[in-house]
Amino acid sequence: MALPLAGAVAVVTGASSGIGEAIALRLAAEGAVVGLLARRGKLLEALCAGVTERGGRALPLVADVTDLAQTEAAMRRIGDSEGRLDILVNAAGTARPGDFVTSPAGSWQSMIDINLSGLLNSTHAALPHLARAVEGPRGIGDVLNISSIAGRRVGPGNPIYSATKYAVGTFSEYLRKEVLDRSIRVSVVEPGWVDTPLTTDVPRDRHYRWLQPDEVADAAHYILTRPAHIAVNELLLRPVGQLD
Ligand SMILES: NC(=O)c1ccc[n+]([C@@H]2O[C@H](COP(=O)([O-])OP(=O)(O)OC[C@H]3O[C@@H](n4cnc5c(N)ncnc54)[C@H](OP(=O)(O)O)[C@@H]3O)[C@@H](O)[C@H]2O)c1
């Protein structure tokens, strides 16, 4: 039987836009209390107001995941007010395409800071609250990390983005082992091209249709609603037609 999301307490990082926004709104629509974490507070407030209008519960958590103190404060806010955290979705991320040799030194730092250090910060900050998920109605905690197809293969023009996403996969597999006896599941979703603000400047291939954020939210929903004894640790989804 599917594990209900109603009554779950979740935080989604990167919730102001794209994939994170779609996942946050899906969780809220299914009755979860959702903390929307990102830097752009006005966007978060508008999204939370929309959730409230539709009868759901969401709260804006304005924080920069590269700042550990801000991230810990955000997790404490929801963990303390709701008594626990059941689900953490790490979707905050950035990309800065370019070959390595021709890119200015240091131009890759934001990808390392947000995609990797930020994900480590939010996960570390969430874990004490996730540890109490076992006492909640779901009886299980979930950490769902949005990696990328670039975490499974290195394409041209995105070496450091790819390196951060490989690192997310490596870390997730490690974390899975460290927290499995605390009733916390760890999953990685690895999408191919998704139509979001992150990819606005990427030329669209005319021969195939890109994924939509809602379609990645479908994958997250599938993982998070598996019965508590089943862990879907990895899910890779490409648009049909995407070669690699
Ligand atoms: N689009 C694709 O084709 C694709 C494919 C595979 C994987 N992904 C991954 O999917 C995830 C979401 O990307 P997207 O395509 O949905 O991009 P997006 O629409 O640009 O969303 C990125 C989100 O990350 C947040 N963010 C960025 N830096 C942050 C920081 N320092 N602290 C807190 N939040 C931060 C942004 O919010 P603020 O600016 O408000 O902080 C925004 O909500 C990323 O991890 C990306 O690598 C994307």
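Remark: the Tyr222-Glu135 segment gains 29.1 nm on full extension, using 0.36 nm per residue and subtracting the alpha carbon distance. Electrostatic bookkeeping for Lys165 treats Lys and Arg as +1 and Asp and Glu as -1; over the other residues with beta carbon under 15 Å from its beta carbon, the sum is -1. Let me make sure I get this right: for the range 34-76, a, b and c are the square roots of the gyration tensor eigenvalues over alpha carbons, sorted descending. Under 1.5 in a/c it's rounded, otherwise prolate if a/b > b/c, else oblate. Which is it? Oblate shape, in that a/c is at least 1.5 and b/c is the bigger or equal ratio. Sequence-distant contacts, meaning Cα pairs under 8 Å at least 6 residues apart, place the relative contact order of the chain at 21 percent.
Other residues whose C-beta falls under 11 angstrom from the C-beta of Leu211 contribute a net charge of -2, scoring Lys and Arg +1 and Asp and Glu -1. For Arg40 and Arg76, what is the calculated FRET efficiency with R₀ set at 35 Å and r taken between the beta-carbons, to the nearest 0.05? So the FRET efficiency works out to roughly 0.95. Rounded to the nearest Hz, the phi-derived 3J(HN,Hα) couplings of the range 130-146 under the Karplus curve 6.51 cos²θ - 1.76 cosθ + 1.60 (θ = phi - 60°) are 5, 4, 8, 4, 4, 7, x, x, 7, x, 8, x, 9, 10, 10, 9, 8, where x marks glycine and proline.
Going from the residue with the fewest nearby Cβ atoms within 10 Å to the one with the most, Ile223, Ile230 rank Ile230, Ile223.
Placing a label point 7 Å from the Cα of Thr102 along the Cα-to-Cβ direction, the residues of the range 145-178 whose backbone N falls under 14 Å from that point are 156-159. Between the helical axis of 68-82 and the dominant principal axis of the chain, each derived from Cα atoms, what acute angle in degrees is found, rounded to the nearest 10? Once rounded, the angle reads 30 degrees. Neighbour counts of other Cβ atoms within 10 Å put Asp244, Asp113 in the fewest-to-most order Asp244, Asp113.
A short reminder: the numbers here are calculations on the coordinates, not readings from a lab. The shown structure was predicted, so the numbers you read here are calculated from the model rather than taken from an experiment. Every residue, glycine as well, gets a Cβ built from its backbone with ideal geometry; the counts of neighbours run over all protein chains shown.
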